[in-house]
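What follows is a single structure, written as structure tokens, with notes after it.
The values are calculated or read from the model by the stated rules, or taken from the named source; none is laboratory data. Just so it is clear, the model here is predicted, and its values are computed rather than measured. Cβ placement follows ideal geometry from the backbone for every residue including glycine, while neighbour counts extend to all protein chains displayed.
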Amino acid sequence: MYGERDVSKLDKKMVVGIISRDDVLKQQENYYLDSNFVDFCYSHFPENHKILHDFLQPMQALYFDSSGRLISWHLNCYAGGFPNLKWNRGDVFATFPPKSQRPVTDSVSLAVILPYLKKFDSLNLNYSKPGQSSPLTIVVFWNYQMFKQSKRLIDLVEQNLKLNADKRQPRMIFVNTDLMYVNWENERPL
């Protein structure tokens, strides 16, 4: 597909290299999504194909309130546009937090995602200190496979942060999704 990179041989070290060269990513908390997240989604949402489909999208911005409840959700499949995704369609990012691009659901919470976030082992990346509290947590799923589109989402989230009137900054978590898909494909039985 247009603008996609082959990531079949991508590994943690390569993703860390991508992060370290990006001015926004290298200053934030960075994780990768464990491949067990795919299995969790299939077992947790077996009857709700819409949530299953949406939650497994490779590029997302999820805004959670201080209790971990999802309050705004943005996904690549709702953005529209080709070849450049229109993340701000309908000016949803004109306010902070942005208007949700997709109806939110109680099935998706920060507590559901956190167990599947994996640190890049023994690498010098920023991670939140235990007990750090923020009024909001923003989780951005990004990937190298469609890095140009991921960067457009990351840049829009960064621009949207400037609309934040609260002096306390949200906790920003960036999550690479390439490794989840590559590892899941390699681990699943044929």
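Search the range 30-57 for residues that are farther than 16 Å from Leu179 by Cβ and pair each with any residue that is among the polar types (S, T, N, Q) and not in a helix (DSSP H, G or I) when their beta-carbon atoms are under 8 Å apart and the residues are at least 6 apart or on different chains.
His44/Ser107; Phe45/Ser107; Asn48/Ser107; Ile51/Thr105; Ile51/Ser107
Please determine whether any residue of the range 108-116 is polar (S, T, N, Q) and either touching a residue at least 40 places away in the same chain (Cβ under 8 Å) or not in a loop (DSSP other than H, G, I, E, B) (or both).
Quick first cut of the range 108-116, residues polar (S, T, N, Q) only: 109.
Applying the additional criterion that residues be either touching a residue at least 40 places away in the same chain (Cβ under 8 Å) or not in a loop (DSSP other than H, G, I, E, B) (or both) yields 109.
Checking the range 108-116: at least one residue is polar (S, T, N, Q) and either touching a residue at least 40 places away in the same chain (Cβ under 8 Å) or not in a loop (DSSP other than H, G, I, E, B) (or both).
For the range 85-126, which positions are closer than 28 Å to Lys167 by Cβ, more than 15 Å from the chain's Cα centre (by Cα), hydroxyl-bearing (Ser, Thr, Tyr) and modelled with pLDDT under 95?
none
Taking the residues in the range 38-72 that are farther than 22 Å from Trp87 by Cβ and either among the aliphatic types (A, V, I, L, M) or touching an Asp or Glu at 6+ places or on another chain (Cβ under 7 Å) (or both) as candidates, determine which candidate is surrounded by the fewest Cβ atoms within 10 Å (Cβ to Cβ).
The residue in question is Leu52.
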